[in-house]
Each structure stands twice: as C-alpha cells, then as structure tokens.
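Enquirer: Take a look at the following structure, please.
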Amino acid sequence: MNVLDDSDLTRAADFMRRNGRLIDRHRFALHFQGGPAGPVLQALRPYENPDGGYGHALEPDLRGEGSQPVPAQHALQFLHEAGADDDPAVARIGDYLASITRADGGVPFVLPTVRDTPHAPWWQTPDDPPGAINPTATLAGLLHRAGSDHPWLGPATGFCWRYLEAPDTEPGAYDVLAVLTFLDHVPDRDRAEAAFIRRHDTLGAHAHSDHQGPLDFTPDPGGYGRRLFTADVIDRELDALADARHDDGGWDIAFPSWTPVTRPEWRGFSTVENLRTLRAYGRLRP
C-alpha cells in the first residue's frame, strides 16, 4: 500500500510555490500546513463579478472576465473549504444563478458569451442553451451543503429530481459527477437513497472517461460515489494515484492544455485535490 509522508508534502509545497495559482497555494497551506482560511477568501474575491457570479479564469479553461455557471461551483467549493458557508458571497451566487436559470429550473452548461472570450474548444453552446444537469446538480448540491435557503434552490432541486426520475436519461461522465454531488447533499435523504439505488447501474456504467477514473467520482469515502466501485478497485486506484506524482512534487493532468498557462494552473489545483483524496483514504500520514 502506497502512503505519502511529510517529505512528500514538503516536495508538494515546493511545487505549489513554483507553479500554483495564489488561491491554490493558500488552499494547500490551509489543508496541509495549518494555514488560516482568510487568505483563501481574500484570493477568491478578485474572481467575483458585480452580478454575483465568477469569471477571470477561476475555471482555468474559461479565460474570460464575465460570469459563467461552472466557475460558481469552484467558488462554492473554496468557500466551503474556508469554513465560509455563511459568507454573503453564497447568497450572491444564488442571485446570479437565478438570473441565468431557464424555465425548467436548470442553468446552462455554458453561456453564449463564452464565444467572445478565450476558452478551451470543448466549451461549446447553442445560441439559446437549455438547462443542463451539469452543472445544475453540482451547484444545487453545493448550495444545499452550505445550508442555503436561496429561492433558486427550489426550482433547481426539482429540475434535478425530474432528471433522476426520467426513465431514459443517459448521463455523460460529468453528468455523473454532478448527480453524485446533488445526491450527497440534498436534504431529502430517503429520496436520495432511493434515487441512487434506482440509478446505480446507469451511474456506474458512465463513471469514467478518457481522463477520469474511479477516484474522480469518489474523492471521499463517505459519498455515494464510493458505492459504485469495489474496495479492490479503490485500493488499486489509490496506489496508482500515489505513484503518479511527478518528481517535482506535483501531479499532472490527463486532458489537453490548449494554451500554455492552463497546464500549470490545473496542475496546482489537481495537486491539492489529489492530496486531499489520499488523506481522506488514509494514504497520507498525519
């Protein structure tokens, strides 16, 4: 069993100092060096827009200044990590999402304004994009986790339940991630359990892609994603994750970099996330 220790964290810290974005450097310090939460929140503020949404490459593959739905989920993640679920920014995110929500309660994957800014080629959208389970389910799940009572949550939660209860929906890998986040945090636990059992086989069959493996769907052993994989698979993946660390102390990414800056930005983010996963499974010595 591969387990990382303090020397590995020291190398990771050096990697983050050399390569990581400021916000990810502060996240690394928060999670692994006993650092304060305040700098994470301070580093997050410049990514926020007056409409309550987030842009400015908080999602590294969206380089534009304007708000888009997916960066809002990064913001909710970072706010939660900093213990700031009650921060006014959470309500502002809800206001932003309400402003872009479609009639069925869902928000689009990406808004057409993406076309006017530098972005990865896979961020494509029609002129009038529909509500999408990715990222609506992720955003709803994270707002539920934050204890939010924002009015946006009612229609968005209904959108997610309708998706889960439809008989013929075939999710992509990112849809599975979104659904798992929703099921992990939606308050109606009985309904979440029933939905997971009913959709278990479909979710499991689509919990992979050319750059995503089992640990992407179960970064914490307490979530529903863990129930999609056997213990042997998880142990094997954890060994492989520990081995995948580069000599420079960080992890690489398994998807294309379309402009030079995105690879180091994603590597810093991924290094923090991979270390958090290893710790969650007891593969990082205290």
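Computed from the coordinates by the stated procedures, all read-outs in this text should not be read as laboratory data. Since we're looking at a predicted model, the values are computed, not measured. Please note: Cβ atoms are built from the backbone with ideal geometry, for glycine as well, and neighbour counts cover all protein chains shown.
Enquirer: If V70 meets every condition in (1) in a loop (DSSP other than H, G, I, E, B); (2) touching a residue at least 40 places away in the same chain (Cβ under 8 Å); (3) touching a Phe, Trp or Tyr at 6+ places or on another chain (Cβ under 8 Å) apart from one, which number is that one?
Expert: Going through (1) in a loop (DSSP other than H, G, I, E, B); (2) touching a residue at least 40 places away in the same chain (Cβ under 8 Å); (3) touching a Phe, Trp or Tyr at 6+ places or on another chain (Cβ under 8 Å) one by one, V70 breaks only (1).
Enquirer: Working only within the stretch 25-55, note down all residues that are closer than 29 Å to Q124 by Cβ and either touching a Pro at 6+ places or on another chain (Cβ under 7 Å) or surrounded by 18 or more Cβ atoms within 10 Å (Cβ to Cβ) (or both).
Expert: Those that are closer than 29 Å to Q124 by Cβ and either touching a Pro at 6+ places or on another chain (Cβ under 7 Å) or surrounded by 18 or more Cβ atoms within 10 Å (Cβ to Cβ) (or both): L44, Y47, E48, G52, G53, Y54, G55.
Enquirer: Can you tell which of F109, F159 is part of a helix (DSSP H, G or I) and aromatic (F, W, Y)?
Expert: The unique qualifying residue is F159.
Rundown of residues vs (1) aliphatic (A, V, I, L, M); (2) touching a residue at least 24 places away in the same chain (Cβ under 8 Å), yes/no style:
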| position | (1), (2) |
| --- | --- |
| L4 | yes, yes |
| F15 | no, yes |
| A43 | yes, no |
| E59 | no, no |
| R63 | no, yes |
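Enquirer: Give the stretch 134-154 a look and list any residue that's in a helix (DSSP H, G or I) and either buried (at least 20 other Cβ atoms within 10 Å of the Cβ) or among the polar types (S, T, N, Q) (or both), or say none.
Expert: N134, P135, T136, A137, T138, L139, A140, G141, L142, L143, H144, L153
Enquirer: State which residue is farthest from the chain's Cα centre (by Cα) when the search covers only the stretch 1-13 and only residues that are part of a helix (DSSP H, G or I) and either surrounded by 13 or more Cβ atoms within 10 Å (Cβ to Cβ) or not charged (D, E, K, R) (or both).
Expert: So the residue we want is S7.
Enquirer: Is there any pair linking a residue in the stretch 162-173 that is over 18 Å from D104 (Cα atoms) to one that is surrounded by 12 or more Cβ atoms within 10 Å (Cβ to Cβ) and of a type in the set (D, E), with Cβ under 9 Å and at least six apart or on different chains, and which?
Expert: A173/D216
Enquirer: Can I ask one more? Residues in the stretch 235-242: is at least one without any contact (Cβ under 8 Å) to a residue 24 or more places away in the chain and part of a loop (DSSP other than H, G, I, E, B)?
Expert: Checking the stretch 235-242: not a single residue is without any contact (Cβ under 8 Å) to a residue 24 or more places away in the chain and part of a loop (DSSP other than H, G, I, E, B).
Enquirer: Of all residues in the stretch 73-92, which are assigned to a helix (DSSP H, G or I) and out of contact with any Phe, Trp or Tyr (no Cβ under 8 Å at 6 or more places or on another chain)?
Expert: Within the stretch 73-92, Q73, L76, Q77, F78, L79, H80, E81, P88, A89, V90, A91, R92 meet the criteria.
Enquirer: Being free of Cβ contacts under 8 Å to residues at least 40 places away in the same chain and buried (at least 20 other Cβ atoms within 10 Å of the Cβ) is the filter here, so list the residues in the stretch 217-234 that pass it.
Expert: Within the stretch 217-234, T218, L228 qualify.
Enquirer: Also, I was wondering about something else. Return the total of residues in the stretch 40-63 being outside any helix (DSSP H, G or I) and among the aliphatic types (A, V, I, L, M).
Expert: Here the count works out to 3.
Enquirer: Note down all Cβ pairs under 6 Å where the first residue falls in the stretch 258-272 and is in contact (Cβ under 8 Å) with a residue 24 or more places away in the chain and under 17 Å from D248 (Cα atoms), the second is of a type in the set (A, V, I, L, M) and not in a helix (DSSP H, G or I), and they're at least six residues apart or on different chains.
Expert: Every condition considered, the pairs that remain are W266/I253.
Enquirer: Moving on to the next point. If I ask for residues that are part of a helix (DSSP H, G or I) and not hydrophobic (A, V, I, L, M, F, W, C), which ones from the stretch 204-234 would you list?
Expert: G204, P214, D216, Y224, G225, R226, R227, D232
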